[in-house]
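Notes follow the structure.
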Amino acid sequence: MVTIKELAEILGISRGTVDRVLHNRGKVSPEIREKVLAKAKELNYQPNRAGLMLALRKQPRRIGALVTSVGNPFFDPVIEGMKMATSEYEDIGFSLALAEVKGFDRSTHLEAIKHLVEDEKCDALVLATIDDRMITDYLANLTLPVIAVNSDISLPSKLCYVGPDYYAKGALHAGLLALAGEKKRRILILRGSEAMKGHGDIVRGFTDTLVKKGIDATIAGEYDTSDDNELSERIVREKTAEDETINTLFITTAGVSGAVKGAAGRNLLIFTSDDVPETKNLIRSGRIKWTICQEPFRQGFESVRRMQSWFIDGIKPENLCTQHIVKLTENIDSEYLSSI
């Protein structure tokens, strides 16, 4: 079994540098970090887990989590998962600092992240944030490990991503639409924010697959709603009044009840994402035809658990793509098993 000393000799760098990378202590250049982690994985480096657990008890670790949960019930089970993962390792010194924000404003997200770093003194970050250059530049200059949850970010130094493959989710929606009949489709698309990588990916997966499958469809427009019900209602009401050929509504994220309210009186085929209470009720009533869920509890649990494992084992965690679960009237009240 290879040791830290042997890794250092093989790589031609100091033992202290290898130790800092493997145990996330201090600042190391991204190039050296990747080099050390790759070699450690190649040679099957196994840390002294008992020693690290003892060290954690002497030096507790605080994980900071940012979620866009204000006004968005999707994140309730995400937060539950984060709290459960934290509670299971509280006895060895892990704690959770939660920052909850509304919407996708850059300054709001950056302020919340800085709060976790500067005020909460967090040792690591688990972030459901926008894919914004100012934010990723700020994160790149930190010495803290980062995991992206629910929506990925363009941060080369992040440990991993935990969440759905949004492009595949959009493709699945298009496949289901193809089964809905050969009617010519004029589709209005609502998304939370193009600044969220996942929100853009789901639309691209959907539109690309429409073309691949030869579905007779045109897009009436793509609109950001900030996951806000009032804004969603206004957009749907205005756009369907302006264009009476719209016959299909794709709500990619939240703002579902507002969007459906805006479509009142119009015979639209409506489909959406996730199985929050308002969506379940609308599926039971037949107003929404289907929704695709993405294991929110598992996202929260596994993102925090992977960060804990990074501190305990010093091994870079792998990405985790959560499952896509299609829900219809017939199974909207069934529970699906989530492996954690």
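The values are calculated or read from the model by the stated rules, or taken from the named source; none is laboratory data. The structure displayed is predicted, hence computed values, not measured ones. Cβ: placed from backbone, ideal geometry, glycine included. Neighbour counts: every protein chain shown.
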- Task: Would you mind stating whether Asp216 is surrounded by fewer than 22 Cβ atoms within 10 Å (Cβ to Cβ), in contact (Cβ under 8 Å) with a residue 40 or more places away in the chain, in the same structural domain as Ile187 (by TED's automatic domain parsing) and more than 27 Å from the chain's Cα centre (by Cα)?
- Result: no
- Of Asp137, Asp152, which residue is touching a Phe, Trp or Tyr at 6+ places or on another chain (Cβ under 9 Å) and not β-branched (Val, Ile, Thr)? Asp152
- Message: Checking Tyr167 against (1) in contact with a Leu (Cβ under 9 Å, 6 or more places away or on another chain); (2) part of a helix (DSSP H, G or I): exactly one of these is not met. Which one?
- Response: (1)
- Query: What single numbered condition from (1) within 19 Å of Thr253 (Cβ to Cβ); (2) buried (at least 20 other Cβ atoms within 10 Å of the Cβ) fails to hold for Ile113?
  - Reply: (1)
- Query: What are the pairs, 6+ residues apart or on separate chains, where a residue within the stretch 320-332 that is surrounded by 14 or more Cβ atoms within 10 Å (Cβ to Cβ) has its Cβ under 6 Å from a residue that is at pLDDT below 95 and among the acidic types (Asp, Glu)?
  - Reply: Lys327/Asp275
- Message: Against the definition (surrounded by fewer than 19 Cβ atoms within 10 Å (Cβ to Cβ) and without any contact (Cβ under 8 Å) to a residue 24 or more places away in the chain), how does Gly286 come out, yes or no?
- Response: no
- Message: So, in the stretch 290-317, how many residues would count as being of a type in the set (D, E, K, R) and outside any helix (DSSP H, G or I)?
- Response: 2
- Pick from the stretch 227-264 the residues that are charged (D, E, K, R) and part of a loop (DSSP other than H, G, I, E, B): which of them is surrounded by the most Cβ atoms within 10 Å (Cβ to Cβ)? Asp227
